[in-house]
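See below for the structure under consideration.
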Amino acid sequence: MKKSIILLLFLAFNIPFSAKPGNTGFMYRVQDEEKTGLERFFYSVVPVKTIELTVESENLEAIEIAFPRGEIVSKSSGKWILKAPDTVGNYELTISDLSTEKSAVITLFVLVPASQMKGEYLNGYRIGTYPAGKYKGSDKYKKPVGFIEVTDKNKDIYITPHFQLKQFLCKQESGWPKYLVLNPKLLLKLEFLLNELHKKGINAKTLFIMSGYRTPYYNKLIGNVKYSRHVFGDAADIYVDEDQNGVIDDLNNDGKNNMSDAEVLYSIVERLEKSPENSKLIGGMGKYKKNPAHTFFVHVDTRGFVARW
């Protein structure tokens, strides 16, 4: 009996973790992003830039790409070169497997170029000033080339199966439009985390994003560090709150709402990052205690190197 228990424990902690949940039946990749099989995803690009879409399928002949508002420049076996529209906005690109009738929808956000900023403002929205130069020699800290324009009409778009665009907006007060930087890798990490919660019987519809993107202006206003990953669009402060009462849910079923529930999230991400195939999703993670302003939560990001606090 003891040997059986040890074997089961060994298997439980050595199952390869995949950050690619989804049931499209095929995998796809935009540019150099991670492969995914999610039924809904997104990518951001400056106007008229060409991008490469790669699809992996056992039946490539049945794969069809529809991009009504953009241009398909060329295609070869499993690869399509696409040209983004010249107008800022959000456009749908659909990958369909005609043999299974399954599909994936990619929302392509054509960015407002950062060069259109006037001082600290973009179309009246205060972004502030990005730090100059690299931090720790990493390209992860480069200034964004552009911003997703979020309006009252597109804010509710699902950018992945469980997350909407509006969840990641900066908390600063302003009218529309608002602007956002968002890294697809962060969303893959969050979808993975939610998928693992579902396996545990925690059927959360989404994660509560307490803080997603922060403009440098807002980040400075709240006294956070200059090179916070939030200003680069690949960080989120999260917890599960299905009853929407502002308190982390009881994830470990001990009848309490405390740090142990945040540690459930923490341990899942920790295991994700230890899997070699998820090396491009590694990043920082921290646990935060409850205070008068917020409940217990976990910070996650994809900064490219491991950091813990």
Single condition residue 4 does not satisfy, out of (1) over 28 Å from residue 144 (Cβ atoms); (2) at pLDDT 50 or above: (2)
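Sort out which residues of segment 223-251 are exposed (fewer than 14 other Cβ atoms within 10 Å of the Cβ) and more than 30 Å from residue 146 (Cα to Cα), and write them in order of number.
If we filter segment 223-251 for residues that are exposed (fewer than 14 other Cβ atoms within 10 Å of the Cβ), which is where we start, we get 223, 225-226, 242-246.
Residues satisfying the conditions are 242, 243, 244, 245, 246.
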Hits in segment 282-302 - residues which are under 16 Å from residue 186 (Cα atoms) and either more than 17 Å from the chain's Cα centre (by Cα) or at pLDDT below 95 (or both): 286
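Residue by residue, here is whether (1) without any contact (Cβ under 8 Å) to a residue 24 or more places away in the chain; (2) more than 30 Å from residue 225 (Cβ to Cβ) holds:
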{"position": "73", "(1), (2)": "yes, yes"}
{"position": "94", "(1), (2)": "no, yes"}
{"position": "106", "(1), (2)": "no, yes"}
{"position": "109", "(1), (2)": "no, no"}
{"position": "114", "(1), (2)": "no, no"}
{"position": "126", "(1), (2)": "no, no"}
Among 78, 124, 89, 119, which is surrounded by fewer than 19 Cβ atoms within 10 Å (Cβ to Cβ), at positive phi and touching a helix residue (DSSP H, G or I) at 6+ places or on another chain (Cβ under 7 Å)? 78
Considering segment 266-281 alone, what residues qualify as being in contact (Cβ under 8 Å) with a residue 24 or more places away in the chain and part of a helix (DSSP H, G or I)? 266, 268, 269, 271, 272, 273, 274, 277, 278, 280, 281
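Considering only segment 219-265, state which residues are assigned to a loop (DSSP other than H, G, I, E, B), closer than 25 Å to residue 183 by Cβ and touching a Leu at 6+ places or on another chain (Cβ under 8 Å). Explain how you work it out, then say what you get.
So the first thing to find is which residues in segment 219-265 are assigned to a loop (DSSP other than H, G, I, E, B), and the list is 222-228, 233-234, 240-258.
Then keep just the ones that are closer than 25 Å to residue 183 by Cβ; that gives 222-228, 233-234, 240-241, 248.
Those that are assigned to a loop (DSSP other than H, G, I, E, B), closer than 25 Å to residue 183 by Cβ and touching a Leu at 6+ places or on another chain (Cβ under 8 Å): 233, 234, 240.
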Condition (residue is assigned by TED's automatic domain parsing to the domain that holds residue 211 and under 18 Å from the mean Cα position of the chain (by Cα)) applied to segment 247-267: is it met by at least one residue? yes
Looking for something more than 19 Å from residue 288 (Cα to Cα), surrounded by fewer than 19 Cβ atoms within 10 Å (Cβ to Cβ) and free of Cβ contacts under 8 Å to residues at least 40 places away in the same chain - is there at least one such residue anywhere in segment 205-213? no
Just one listed residue, out of 155, 143, is without any contact (Cβ under 8 Å) to a residue 60 or more places away in the chain, closer than 19 Å to residue 41 by Cα and either among the hydroxyl-bearing types (Ser, Thr, Tyr) or not assigned by TED's automatic domain parsing to the domain that holds residue 30 (or both), and it is 155
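The values are calculated or read from the model by the stated rules, or taken from the named source; none is laboratory data. The structure presented is a predicted model; accordingly, all values stated were derived computationally and were not measured. Quick reminder, even Gly has a Cβ in these numbers, built from the backbone with ideal geometry, and neighbours come from all protein chains shown.
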